[in-house]
Every structure is written in C-alpha cells, then in structure tokens.
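A quick write-up on the structure given underneath.
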Number of protein chains: 2
Amino acid sequence: MNTFSFTLMAYDRETEARRGKIQTRRGDIQTPTFMPVGTHGTVKALIPEMLVDLGAEIILSNTYHLYLRPGHGLINSLGGLHKFMNWTRPILTDSGGFQIYSLGDLRSVKEEGVYFRSHIDGSSHFLSPEKAIEVQMALGSDIMMVLDECIPYPLERRKVEASLEKTIRWAKRCKKAHDGATGALFGIVQGGMYKDLRKKGVEDLVEVGFDGYALGGLSVGEPKELMYEVINETAPLLPSDRPRYLMGVGKPEDLVACVAMGIDMFDCVIPTRCARNGLLFTKRGKLVIKHARYRDDSRPVDETCDCYTCRHFSRAYLRHLFMAKEILAMTLNTVHNLRFYVRLMEMIREAIETGTFREFSKDFFSQYGKESMDERRQET
Amino acid sequence: MNTFSFTLMAYDRETEARRGKIQTRRGDIQTPTFMPVGTHGTVKALIPEMLVDLGAEIILSNTYHLYLRPGHGLINSLGGLHKFMNWTRPILTDSGGFQIYSLGDLRSVKEEGVYFRSHIDGSSHFLSPEKAIEVQMALGSDIMMVLDECIPYPLERRKVEASLEKTIRWAKRCKKAHDGATGALFGIVQGGMYKDLRKKGVEDLVEVGFDGYALGGLSVGEPKELMYEVINETAPLLPSDRPRYLMGVGKPEDLVACVAMGIDMFDCVIPTRCARNGLLFTKRGKLVIKHARYRDDSRPVDETCDCYTCRHFSRAYLRHLFMAKEILAMTLNTVHNLRFYVRLMEMIREAIETGTFREFSKDFFSQYGKESMDERRQET
C-alpha cells in the first residue's frame with residue numbers, strides 16, 4: 001500500500017514559496033527540504049547517526065550505482081537498503097537515467113530502454129523502465145523516480161521533442177510497473193530549454209498521474225538565467241497539491257531562489273563534494289579551509305552554526321586535518337556543510353511560516369558571497 | 001604539579017600479569033591498557049566520541065609529526081593538544097626518537113641531539129632532549145617520553161653499548177628539563193637484544209628516577225622469540241611499583257603474551273592500519289573483508305563483539321563499502337578493530353582480577369588464528 005501523502009501548511013504571499021509536509025511510512029519530511037546524496041549506500045564519510053543529528057529527514061540513493069554494486073538482488077536479500085545501511089528514515093532513489101546519460105559513448109538509448117556498459121568493469125547491461133522500477137522496489141525505496149531520457153544542452157528542438165515523447169512513453173510504462181508498490185512514484189518533466197515542450201511534458205505526465213513531479217535535465221551546462229527562467233515558468237504549471245522536486249540543483253543561492261519559484265525538494269552533491277575538497281559553507285559564502293589565513297584561527301567555521309564540527313573544532317584544527325590529508329577532515333567538513341544546507345532549509349521554512357520569506361531572502365543574498373570577497377581583498 | 005600515580009590492585013598467581021590503575025589529572029587509566037595511536041592529532045577516521053564510546057581511556061600522539069605540522073607553538077597558543085583535537089582524556093606523547101630514527105639518511109645523531117630533515121618539505125631541524133620535553137610540554141601531554149636513540153637490528157655490541165650510554169645521558173637531560181612540569185615522564189630502556197645491556201639500561205634509568213618505564217627498540221626486525229626473551233628477562237627488572245610500557249608492540253597475541261610477562265601499557269598502529277586495509281580482528285583471527293565469501297554474509301564481523309559497527313552493520317555491507325572505496329569503510333573498520341583491542345584488554349583485566357588469566361590466555365590462543373585457517377581451507 002502506498003502510504004505517501006503531501007500537505008501544504010503555509011504559502012508565502014509575495015512569492016511562490018510553500019511550506020509543506022510529506023508523510024511516508026518511514027517518517028515525515030518537512031518541505032522545502034534538502035536531501036543529502038548517498039551514492040553507494042552511504043552519505044560519504046558519515047555514520048547514519050550524524051545525518052540524524054544534523055537534521056536530515058530523507059536521503060537520496062543512486063539506483064544505477066547500487067544496481068551495479070553490490071546489486072539490488074543482494075541488498076533485497078539482506079532486508080533492503082534501509083537495513084543494509086542502517087538508515088530508518090525515508091530514501092528517495094533516482095532511476096539511473098542521469099547516471100547512464102553521463103556514461104556518454106558507453107550507452108545506447110532505444111525505445112525499449114537503455115543498453116549500457118558498467119563504468120566499473122565494462123560489463124553489458126540493459127535498463128528498461130520496468131527494470132528501473134523493479135530495482136527501486138527491490139531496494140525498498142520510499143520515493144521512486146521514473147526512468148527518463150536525459151539530453152545535452154544545447155540540442156535542436158526536433159530532437160528534444162522526440163526525446164520528450166519517449167520519456168513520456170517510459171513514464172507510462174513505469175507507472176504500470178509500479179502498480180501495487182509500497183513506495184511513491186514521481187514523474188520527471190523533461191523538454192530541454194523549450195518552455196512549450198516543458199509545458200507539454202507537464203501536461204502529459206499529469207495525465208498519467210504521479211505522487212510528485214520533478215524537473216529534470218537542468219543544470220546541464222545552460223546559463224543560470226535560462227535555468228531559472230525554465231524553472232520559473234514550469235513550476236507553476238505543476239499540480240499545486242503534489243511535491244515539486246528540482247533534481248540535482250544546487251548551490252545555496254539556488255535553493256533560496258528556487259523555493260521562491262515554488263520548489264519543495266532539492267538534492268545535490270555540492271555540499272558533500274565541496275566538503276571533501278575543503279570548501280566550507282558559511283552565511284557569508286564559501287571558506288577555503290586550506291588558506292594560510294586560517295592557520296591559527298581559533299574560531300569555528302561559522303560562528304552562527306550549531307553543527308557538531310562548529311561546536312567542537314576550530315578552523316585551525318580543520319585546516320591542519322585537511323593539510324595532513326586526514327580522513328577526519330572529510331567527516332567533519334561534510335557534517336558542517338550538510339548542516340549548513342539543512343539549516344538553510346529550516347530557516348527558509350520558518351520564514352515562510354512567519355510571513356518573512358522575502359526579508360529572509362533579501363538578507364541572505366545581501367550577506368552570501370561576502371566571505372569569498374574578503375578573501376580576495378586580503379590577497380590583493 | 002605532577003599528579004600522576006600508579007596503584008596495583010591484583011596480581012596473577014601463575015604469571016607476571018598485574019592489574020592496576022594509573023591516575024592523572026585528566027582521568028584514570030585501567031591497566032593493562034592499550035593506547036590507540038593518533039599520529040596527527042586524530043586517531044585516523046574517528047571522531048573523539050567514538051573513541052570514548054569504544055572505551056579508550058588514553059591515546060598516544062606523535063611529537064615528531066605535531067612538531068613539524070602544525071607546530072607545537074601553534075597548538076599551545078590554541079590551548080593545547082586536548083582542546084585542539086577535542087579529547088579530554090589523557091594523552092601520552094612519544095618523544096619523536098623512533099620517527100626520526102625511521103628517517104634513515106635524513107637524520108644525523110650527535111651528542112647534543114638529532115639533526116634531521118622534515119619528511120614533508122625537507123626543511124632542517126634539530127631535536128635535543130631538552131627540546132623534546134619542551135615540545136611535549138607545549139602540547140600539554142599527560143605522559144611524556146624521554147628522547148632516546150633507536151638502533152637497528154642486528155647491531156654489534158660495541159655500538160649498542162655506546163648508543164645506550166648516550167640514551168642514558170639524554171634521559172638525564174630530559175629529567176632535568178622536565179622539572180616542574182605538570183605531566184608525568186617515562187624513561188625508555190634500550191640495549192638492543194643484549195640482555196646485560198638491557199639490565200644496565202634499567203639500572204641507570206631507575207637511578208635517575210621516572211614515573212614509569214618503557215621498553216623501546218623492540219619489534220624492529222628481530223625474531224619474535226628473541227623479542228619475547230628480551231621482554232621476559234627485562235620486565236621483571238623494572239620497579240614493580242611503576243607502570244611498564246612496551247612501545248609499538250603489537251598484535252593481539254603479543255598483548256596477551258606480554259601482559260603475562262608483566263607489561264601494563266601497549267600502543268600500536270596495527271588495529272587502525274589493518275582497519276584501513278580491510279583486515280578485521282575477531283576472536284578467531286583476522287578476517288579479510290574483501291573476500292567474495294562475505295559478499296552476502298548478513299552476520300556482523302564478530303558475533304561476540306559489542307562495537308558500534310557489529311551492532312549495526314553486516315559483513316556484506318562492510319565488504320561493499322570497502323570494494324567501493326568508501327570513506328565510511330575506514331571509520332567502521334577502525335571502530336571495530338579498536339574495540340577489539342580495548343575489549344581484549346578489558347577481558348585480560350577481568351581475568352587477572354578473578355584469578356583466571358591462565359585459562360583466559362589458553363582459551364585465547366586455542367581460538368585465535370582459526371578464522372584465517374578457515375579461509376585458507378576454503379580457498380584450497
């Protein structure tokens with residue numbers, strides 16, 4: 001039985017921002033929300049308790065990676081992905097479409113599905129819409145995604161249109177394969193940067209009917225203004241009573257901007273990947289921890305942050321760990337960056353509730369980016 | 001004020017094993033004890049809470065590494081090593097003697113001290129006995145070690161004797177430099193594999209007078225039987241009312257064997273380094289987690305283990321993380337191996353208290369190593 005539901009509790013008066021709650025059998029998710037990415041059945045460098053502690057209510061996992069290694073059948077036989085990785089809260093699984101698209105020459109898209117070679121050992125595989133759902137069900141996903149075809153930017157209209165139609169046919173096959181499943185199923189709107197095709201994508205998907213709707217194929221190389229335009233014009237077309245999920249975007253400023261356009265859910269590797277590269281988020285922008293200026297800096301990364309790392313360690317210590325290539329640097333940096341993202345969403349939700357989202361947004365943009373500017377000033 | 005003290009509470013009747021307690025201003029250490037190694041101001045891959053959770057009462061830190069990076073002056077100005085790494089329990093610091101010995105051609109030993117080049121950037125440095133103590137005091141060490149000269153094996157008697165005499169002169173200078181310090185100071189017995197030189201080393205050091213005594217220069221390439229012989233003959237010569245510390249040894253079987261010879265304290269990188277290489281300790285020996293036989297093994301690493309890893313994760317999951325080169329593999333494996341070592345010491349202490357150390361030891365040796373034998377059997 002699909003026990004998924006979505007309730008909206010508040011709306012911002014001046015923007016499209018919404019404050020809601022997704023209910024699943026594994027717990028509630030307050031929206032707008034950010035989902036940390038756990039590619040291989042682990043959010044890199046963190047134990048599950050750290051994720052709970054920093055306030056993550058849902059994580060994203062990658063069907064493509066888990067299908068290849070260790071295999072969805074194995075995970076299923078061991079009790080599902082939640083048990084495997086000791087995570088009791090909801091998991092959203094993507095369908096593998098984007099990862100397979102990223103394989104380039106190693107994949108071939110046909111009407112029946114995608115033929116591809118493993119990036120690990122070159123072995124041959126076939127992923128159909130039905131198989132994508134089967135894999136996600138075997139993992140025990142709480143929110144599954146349809147298999148979609150991702151396309152490059154730029155791409156001529158004729159090809160985008162043909163691809164969109166295939167994506168819609170695949171979405172219908174996914175919906176059918178999903179019949180009777182426990183978890184929810186989201187559709188993915190494609191259509192490149194052509195707004196009328198995006199509109200058609202929305203209409204066709206809504207006709208099929210999904211528990212939520214995602215915007216896919218964005219942040220694939222297009223100018224940011226164009227991405228914002230597409231989101232701004234497409235999001236309002238989506239059913240207002242279903243969650244709207246912007247896939248793979250983005251930076252902190254994107255989260256604030258896109259919540260204002262009516263987006264409820266986000267995921268992105270930026271906070272975790274930046275953490276491993278020593279880039280730490282603060283309300284004033286990104287801090288490059290390896291800089292010599294932090295050598296003897298006894299302050300926490302962000303004095304307004306309540307994360308485990310900021311409560312216990314100085315910039316000087318984090319710099320030392322990073323310079324010494326210590327594994328602990330990855331863990332402490334990741335905890336901080338994810339808490340920054342999760343707390344940003346908490347503040348956004350509170351601002352919507354209290355009718356102060358516009359001021360919050362203005363404050364955010366007036367401060368964010370200042371840290372990097374300070375660094376540049378000091379170095380010139 | 002030096003607030004260090006050592007109390008013995010029980011003795012095994014059939015061996016030299018002792019059950020004691022070290023008291024420091026930062027907390028008590030039950031002996032026999034194992035000290036996890038935290039080279040760069042972190043026990044690799046663990047947050048301090050994990051160390052507390054697995055029962056570590058003291059950790060070891062490396063003077064040589066912290067002196068070079070980030071520098072003891074920096075750590076001191078930030079409030080000392082405990083605050084820097086957020087560890088409130090005792091820290092033993094080695095003097096750097098062994099690390100500098102390991103530099104080979106990059107060092108030159110003179111009467112006044114050691115000239116050496118940094119393994120990081122090739123810069124020139126000088127470490128004297130006085131400087132070694134100064135650095136350890138700046139770090140805020142609870143137990144400091146004298147600077148000693150380490151020697152290779154084998155080495156002709158004449159050279160060992162000359163080196164031992166220098167080590168004794170350095171120990172006297174360390175004792176003088178340590179005057180008025182807050183932490184304790186341990187002497188280090190050298191003398192190579194010559195038992196009469198070891199005896200002379202003990203006598204000369206005891207005449208100087210230290211809070212505890214370490215056996216150094218062992219496990220440097222000599223046959224294990226010879227190492228055991230030297231420990232077995234030297235340990236009883238040490239003052240029975242002071243802690244006896246065997247430096248850099250060893251494997252689980254070494255811990256059990258050397259406790260029986262009267263050793264109270266151990267440190268070694270084996271549990272942490274093996275963890276990062278996917279070698280996990282169990283009561284039946286080392287388990288090689290990457291082996292295909294663990295692919296779908298739903299059991300914990302060791303069914304009798306109470307560590308965080310064994311309570312929450314299967315061998316199949318740990319194998320998956322290791323094969324996918326996930327950072328979390330390092331953390332979970334390290335937690336398990338350190339808990340194995342710490343729990344082994346807990347069991348040893350209980351056995352001494354209850355007068356069952358002999359049986360415990362017999363049981364241990366009858367089981368330990370069986371896991372590896374099973375693996376070999378299955379693979380042939």
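A short reminder: the numbers here are calculations on the coordinates, not readings from a lab. Quick caveat, the model's predicted, so the values are computed rather than measured. Ideal geometry is used to build each Cβ from the backbone, glycine not excepted, and the neighbour counts take in all protein chains shown.
Some points to look at:
- Part-to-part distance (alpha-carbon centres) for the stretch B:150-220 and the stretch B:263-283, which is given in Å: 26
- Note on chain B: with a GNM built from Cα contacts shorter than 10 Å, the maximum mean-square fluctuation among B:His320, B:His312, B:His336 falls on B:His312.
- GNM top mover of A:His40, A:His119, A:His82 - chain A, alpha-carbon springs below 10 Å: A:His119
- Taking the centroid of alpha carbons for each part, the stretch B:79-135 and the stretch B:27-43 are 18 Å apart.
- Aspartates and glutamates with Cα under 13 Å of A:Lys195, excluding same-chain neighbours fewer than 8 positions away: A:Glu161, A:Glu203, A:Glu229, A:Glu233
- For the pair A:Asn277 and A:Arg358, label points projected 7 Å from Cα toward Cβ lie 3.7 nm apart.
- Annotation: the antiparallel percentage among DSSP beta bridges lying fully within the protein assembly as shown is about 50.
- Helix A:195-208 and the long axis of chain A differ in direction by around 60°, with both axes built from C-alpha atoms.
- If the Kirkwood radius is taken over C-alpha pairs of the protein assembly as shown, then at 10 °C and 1.306 mPa s the Stokes-Einstein diffusion coefficient equals 55 µm²/s.
- Here, the stretch A:278-373 has an Rg and a Dmax of 14.3, 46 Å when only alpha carbons are counted.
- The antiparallel fraction among DSSP beta bridges confined to chain B stands at about 50%.
- Formal net charge of residues neighbouring B:Arg299 (Cβ-Cβ distance under 12 Å; K, R +1; D, E -1): -1
- Partners for B:Lys370 among lysines (Cα-Cα distance below 24 Å; same-chain residues under 8 apart left out): B:Lys224, B:Lys251, B:Lys283, B:Lys286, B:Lys290, B:Lys362
- Taking the inverse of the mean reciprocal distance over all distinct Cα pairs, the Kirkwood hydrodynamic radius of the stretch A:134-276 comes to 15.5 Å.
- The stretch A:5-268 - Rg over Rh from alpha carbon coordinates, Kirkwood radius: 0.94
- Contour minus Cα-Cα distance for A:Arg295 and A:Thr3 (0.36 nm per residue): 100.0 nm
- Nearest-0.05 FRET efficiency for A:Glu203 and B:Ser108, computed from C-beta distance (R0 56 Å): 0.10
- Theoretical ellipticity at 222 nm over chain B - DSSP helices of four or more residues, -39500 (n - 2.57) apiece, nearest 500: -12500 deg cm²/dmol
- Going by neighbour counts of Cβ atoms within 10 Å, the residues A:His291, B:His125, B:His72 line up, fewest first, as A:His291, B:His125, B:His72.
- Relative to the dominant Cα principal axis of chain A, helix A:370-379 is inclined by about 50°.
- The ranking of B:Ile352, B:Ile188 from fewest to most other beta carbons within 10 Å of each one's beta carbon is B:Ile352, B:Ile188.
- Taking other Cβ atoms within 10 Å as a rough exposure proxy, A:Asp121, B:Asp296 sort from fewest to most as A:Asp121, B:Asp296.
- Among residues other than A:Asp28 with Cβ under 10 Å from its Cβ, the summed charge is +2 (Lys and Arg +1, Asp and Glu -1).
- Helix A:129-139 axis, angle to chain A major axis (alpha carbon atoms, nearest 10°): 50
- Ranking B:Ile22, B:His119, B:Leu237 by Cα position along the charge dipole of the stretch B:5-268, where only Lys, Arg, Asp and Glu carry charges on their C-beta atoms, puts B:His119 farthest toward the positive end.
- Other protein chain C-beta atoms within 10 Å of residue C-beta, averaged over B:311-317: 5.
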